[in-house]
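Please treat every number below as a calculation from the coordinates, not as lab data. In this text, all values refer to a predicted model and were calculated from it rather than measured experimentally. All Cβ positions, glycine included, derive from the backbone under ideal geometry; neighbour counts span all protein chains shown.
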Amino acid sequence: MDLLWQTAVNATYAASYMALIAVGLVMIFGVMGVINFAHGELYMVGAYCVVFLYAQETFPFLLAVAAGLVFVGFVGIVMERTMFRPLRDNPLGGLIASIGFLLILQTLAVFGFGRRMGHVPPSTQGKIEIFGAILTYQRLFVIVAAILLLAALWAFLKRSKFGRALRACAQDAEAASLQGISMNQTARVAMFIGAGLAGVAGALTAPLVSPTPYIGHSIIVTAFIIIIVGGVGSLEGAVIAAVLYAFVHTFVTTFFDGVIANIVGLALMLAVLIVRPTGLFGARERA
Amino acid sequence: MQAAGTGGLVRRTAWRLRLVFLFAMLAALPYLLSYSQQEIAVLLVINVLLVCSYRLLTLTGEWSLGHVVIMGVGAYASALLAKQFGVPVPLSMLLGGCMAAATAALLSFPLFRMKGFYFLIGSFAAGEIIRLIWKRFTDPFGGPKGLKRIDPFPDIEASFLSVDFYEPVNYYFLALAVVSVSLFVLYRIERSRIGLTFHAIHWQDRLAESVGVDTFRYRTLAFVIASFFAGIAGGLYAHYVGAVNPTRFSVDQMVYVLVWAIVGGTATFHGPILGVVVLTVINEIVLRALGLDTARPLIYGAILILSVLYLPNGLESLGPRLQARWRRWRGGPAAAGREPA
Amino acid sequence: MNVPGERPILEARGLTRRFGGLVAVNNFSFSVHEDAIHGLIGPNGAGKTTTFNVISGFYAPTAGRVLFRGLDISGRKTSALAAMGLVRTFQGSTLFQEFSVLDNVRVGRHLGARAGFLSRLIGTDRISEREADAKARETLAFFGLEELAGEPVSNLPHGHQRMLGMAVALAAEPKVLLLDEPFTGMNPEETRRMMALVRRIRDRGVTIMLVEHDMQAVMNLCDIITVMNFGALLVEGAPEAVRNDPAVIEAYLGSTDGAGHAS
Amino acid sequence: MLRKSLDRKISRRKFLGTTAASGTALAAMGSGLSRVAFADNHTIKIGFLAPLTGPVSAWGKPGLDGCLIWADWVNAKGGVNIGGQSYSIEFVGYDNEYDAAKARTGATKLIKEDGVKFIMMLGGDTWPGVEKIAEREGMLFSTLLPSDLSPDSTTLVAPCEVHPIYNVTGVEWLAENKPDLKTAVMCAQDDALGKPSVATYLAAFEAAGIEMQDEPLFFDPTTTDFAPVMTKLLAGNPDILCLDTCYADYVHPLCEQAFQQGYKGQIISCTADFYQKIIEKTSVEFMEGFIFQFPDFDDPALNSEGVNFVNPNEFYAEYAKRYGASQWGAVSWEYASIMDLWADAASRAGSAEPAAVLEAMKAGGTGKHAFGTADWWGTELFGIDNALVGDWPVVVIEGGKATIKDFKSIPAWWDKHKDLMIKHMTALGQMWNQRG
């Protein structure tokens, strides 16, 4: 029983950071129609922000995390302005550009921080016990931050004029521009949010993983599976799929092993694709 | 599509002359290269087949992320047939291609329920599952380490002729022969009604359906043909390098195929070939020769971005563009006025 | 004028199509007789296009059947229907814009130009292809487009593109041709020419069913008209009878945009 | 550093020749190359064929960096004396991107165009692409992964890293010094390093009378969250937690999780790179007694008589100065130690030719391994005696500092327990005659 409960707590953490990454990826895809292959590298850059600001320059942890969000968000804006905007009618070109960008980010990380792992000391070693399951503050931060950020995003998208514009662009860019919504402005904000979420996920989890310049690969494969399960165009789907995948993966790892967990994860993806090619929450008509 | 009259005859003759010239160049090429560049040339020729077969699939408008895995199916099948069952290597390569085609035929049932972006990710999922099978079932696939000591292409030992396919020059000619025949077949397919139908499905699949084109069947056909030739490329690779493993056919490698195709351009038959040749020469020869060492991926990445930004229609569009500029320059302002911009 | 045959060539029986909770077509029946020009009209949102899509195999019916020459074809693929002789056109200029005019019609000859995979490869399909080419040119000539065979479609004026759409369908040698709004967006002169063409196609032995907004054209062209409203049959009959039917007038007056056309 | 050395080699003419479309330029280059290779009679070139970019480059690039220090030191002293003549050593790197085909191309280039006399590789996925060339050209190769060894390749040696067989020394030391620890659990990534290592630890535990509580837990190399792995491992309250040959970026979060989940028992691992950083994440008490196999190179015990690595303390200091201590790893010194062995053999052979060097290397069946004189060994495990196996240090963290506690003999363990090792290796399909 204890093991079950502890596993559920473990899974909640995994779901939190995966949801941040997947929502960012979906957001970029939704508005720009581009699969951002460099998304894992944005996570990596976020993690290295914490390596640099918190571990090397000893700024406060939360400040470093915030800086990670903003900095990676701006990296996103740079990507939008220099690559995705000129390539708006060329989604495959956007894909290739993001691959090129990924190579550049990896190499820059190697130049700046070396090819071996970065080190981030824990910001706190405190932990709480929830009905016998241990949850460290470091992990709790991630869970709380993910919930707050996603809730804020949700409110932003539902309530603000901008949110409507964003959703309008995601549904039909042409119609949106006819309604006087600026595609450039919307894309910039979407890219900032999408990249920033990946960056903040990397920043928050930096003390818990060991960031290397090549960690993005592990991240993007998982994120891919999640957005396929959730339905590529759906933010809600991304969150729910992240939770689903994290729980399945964590429980199978705990009760069988990690390799079997990956097989189950892929099988889940395949099953969803066969039964519902557009994902659990994807729009049907797009298929 | 059909050339007619004397103009056609002249054009056809010119075309044939160009082809003869091209083959003469290709035949002379290895003798102008250093030994290690010959090795690069062998892999390049194999990759040309890979990317050209990929283009055939994209004619129907579908982009796959599983093409390299399919190449791996051919490579694994050919290697296992040769190693475990003693099938002679040329035959095993052919069977490897068939195995890849059969895998594609099987995969088409779930995959062609999807279109466009969903097909892209669906093919990724299917590919990952195949790779997982290779990793998981150590017998016969060798697990994460894969297969090694794969039988080489048998040497020719006749009284008058002795060809050792370990030598890259010889393997280059073998690969060149196989790839030329394959490309000819791919070219014929595209120029036939089948190719017309593929294009038709790409541009207006509902209209094609309405005049009796079974789009599912034709998409499957494109997928199967493309996969067959990818499998052949896999066989050529496996028996040259002598080793295959699941990492060699991962999505990272697939990304390169995608990059070659898009940077080269897919509107013409030669576009992807240009892409793979130019990018390989840049990455494997120029950047290495410049001693860029660890900065190589950075420069390569920058080249990718710049090329899609400034050559959105691929390298294939560079020729006609330069030609137009040349003509304008040569014809002077008067001629330029006559030509539509 | 030809007299339509007695035999129904295309029938719908109790056709129903739902999208989620929305019933687009509700227990709708009609029959099209051989050699007829049969119009299907109704105010916006009456379910005409859905009906068309169900008949042409794009959607499967939720309930009911579609019969073609007495054979149940409900839910069959569009391409299979084309092979049986039921071919549709599309609204506007839905064409292979990147192809030449001739190649568009050559695709239309898909079913006629059969050859095996190998013979395509080695080029022994030349005989059937030459035949297909000849047929395609003949079809173009029928529409007066033979001069434009080599032109890219995108160079064609709109009216020619509409005719080319019909040429592509006709090249498939249909028994029944389903025309989706063939006159929409045409000026009166173009409409008149198009009507003449439709009659000539029918005179070649092709039964025609069309969905159209332009009431004038429908009234002048069709032998029989089926009027739909709210997904169901409202009235069916000869143009004169339909024109004066109070239910039809009310249906059109009730809908905002149809009123002008109906008068 | 490497860039500088490469720049020197690439003449402008060569680069132009490579890129120019003109056939004559290319042909000129082809013949020019051999001149370049043998231009300087007093330089011997050594090939370095390993991943220098990409995810696996952490196993290659730091090694090349270490070799450059080695070359600078040796050349400063006048080079290597071979047959009465001093030769300076120059390294030629080729980035194989951990790809078999690129490794093949690289090997060809190094042998035929650069005229190297010896090639050092990481091995693994890249070795099968080179195997045939080694055989044909008779070139001497070294690998860091002894699982590449096979009787078919007589010119491949594993003269430094004998992973994973040395892991038995840590377990043996543990059993001798903490005999009351009786149960163990183990996890490893599912790849070419993890599997043979698992077999080794299983054999070592069985030999030491330590019981496994559960089957070893395998995780996928893409794993980033190790909480579930650790939750499962600790579920049965084991005495010993074995981290197998996990990579550094797995060992850190695994230790952190073990600490957070309240584990207080013994930990044993193959590596503990940057263990100071693990201590930062956990505590000095938690890491006390952590056993692993790779000493700090500033450990005074390395200056003892038996150790053959030249000036380990200074080597580490120089490396940290040039490239940063954060880039140091086992490979940083391993390739360099292979060069010590090679230089010694070449001197004794009086020739740099691969066959002569190999013969001198293996003469008498023993060789000077970094950690002491060792035996050429391996027939039973690899099918050929091309692994240099002798003593290996057992390192324990004491008071926050890694300390060499003992040098234990691998051959001595093998003589007593080889049946166990063969049994477990066979069960996991890791014997040389089982490999695809």
* Spin-label point model (7 Å from Cα, Cβ direction): what's the A:ALA267 to D:ILE422 distance in nm? -> 3.8 nm
* Asked: How do B:GLU167, D:GLU285 line up, fewest other C-beta atoms within 10 Å first?
  -> D:GLU285, B:GLU167
* Fraction in percent of alpha-carbon pairs per bin - 5 Å, region B:263-331 -> 4, 16, 20, 20, 17, 13, 7, 3, 1, 0
* Asked: Along the positive direction of the dipole of region C:124-193 (beta-carbon charges: Lys, Arg +1; Asp, Glu -1; about the Cα centre), which of C:GLY150, C:PRO182, C:THR139 reaches farthest?
  -> C:PRO182
* Structure fact -> To the nearest 10 degrees, the tilt of helix C:126-142 (Cα long axis) against the first principal axis of the alpha carbons of chain C is 50 degrees
* Asked: Where does each of D:LEU428, D:LEU64 land when they are ranked from fewest to most other beta-carbon atoms within 10 angstrom?
  -> D:LEU428, D:LEU64
* To the nearest 10 degrees, how steeply does helix D:61-76 sit against the main Cα axis of chain D, on a 0 to 90 scale? -> 60 degrees
* Quickly work out the B:PHE85-to-C:ARG7 label distance, labels modelled 7 Å from Cα along the C-beta direction, and quote it in nm with one decimal. => 5.3 nm
* To do: Work out which helices of chain A, taken as complete DSSP H runs, extend at least 18 Å along their axis over the Cα atoms and score a mean Kyte-Doolittle of 0.0 or more, then list them.
  => A:2-32, A:61-79, A:91-113, A:137-159, A:183-205, A:216-230, A:235-255, A:258-275
* Non-local amide H neighbours of C:LEU67 (under 5 Å, H modeled in plane, Pro and chain starts lacking H): which ones? -> C:GLU11, C:ALA12, C:ARG13, C:ILE73
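Charges at C-beta only: +1 for Lys and Arg, -1 for Asp and Glu. How large is the resulting dipole of the protein assembly as shown about its Cα centre, in Debye rounded to 20?
With Lys and Arg at +1 and Asp and Glu at -1, about 4180 debye.
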* To do: Can you tell me the dipole magnitude for chain D around its Cα centre, using point charges on the Cβ only (Lys, Arg +1; Asp, Glu -1), in Debye to the nearest 20?
  => 1760 debye
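Given an 8 Å cut-off on Cα distances and at least 6 residues of separation, report the relative contact order of region A:56-160 as a percent.
Relative CO of region A:56-160 lands at 11 percent.
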* Asked: Roughly how big is region D:90-147's charge dipole about its Cα centre, with Cβ charges of +1 (Lys, Arg) and -1 (Asp, Glu), in debye to the nearest 20?
  -> 180 debye
* **Efficiency of FRET between A:ARG167 and D:GLU288 - r from beta-carbon atoms, R0 45 angstrom, step 0.05** => 0.20
* Structure fact -> GNM of chain A, Cα pairs under 10 angstrom: of A:ILE225, A:ILE128, A:ILE215, the biggest fluctuation goes to A:ILE128
* **Among D:LYS195, D:LYS132, D:LYS61, residue whose mean-square fluctuation peaks in a GNM of chain D (springs only between Cα atoms under 10 Å)** => D:LYS132
* Give me the orientation-averaged projected area of the Cα convex hull of region B:34-249, in nm², one decimal. => 12.9 nm²
* Sequence-distant or interchain residues sharing an amide H contact under 5 Å with C:ARG88, placed H: which? -> C:LEU178
* Relative exposure of A:MET18, C:MET166, B:MET25, D:MET186, judged by other C-beta atoms within 10 Å (fewest first) -> B:MET25, C:MET166, D:MET186, A:MET18
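Using the Kirkwood formula on the Cα atoms of region B:82-195, what hydrodynamic radius do you get, in angstrom to one decimal?
Hydrodynamic radius (Kirkwood, Cα only) of region B:82-195 equals 17.5 Å.
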* Net charge near C:GLY185, counting Lys/Arg +1 and Asp/Glu -1 over other residues with Cβ under 11 Å of its Cβ? -> -2
* Asked: Which of the DSSP-defined H helices in chain B satisfy a minimum axial length of 18 Å, computed from C-alpha atoms, and a minimum mean Kyte-Doolittle hydropathy of 0.5?
  -> B:5-32, B:35-58, B:67-85, B:89-111, B:116-136, B:168-191, B:215-241, B:251-264, B:296-310
* Structure fact -> Between C:LEU118 and A:PHE256, the FRET efficiency computed from the C-beta separation at R0 = 51 Å comes out, to the nearest 0.05, as 0.50
* Between D:GLU353 and residues 5 or more places away or on another chain, which pairs have amide H atoms under 5 Å apart, with H built 1.01 Å from N, and which residues are they? -> none
* For the residue pair A:TRP154 and D:VAL310, what label-to-label distance in nm results when each label sits 7 Å from Cα along the Cα-to-beta-carbon direction? -> 6.7 nm
* Asked: Picking from C:GLY108, C:MET166, C:THR124, whose Cα lies most toward the positive end of the charge dipole for region C:101-172 (charges on Cβ: Lys, Arg +1; Asp, Glu -1)?
  -> C:THR124
* What angle do you read, to the nearest 10 degrees and between 0 and 90, between the alpha-carbon axis of helix D:330-349 and the longest principal axis of chain D? -> 50 degrees
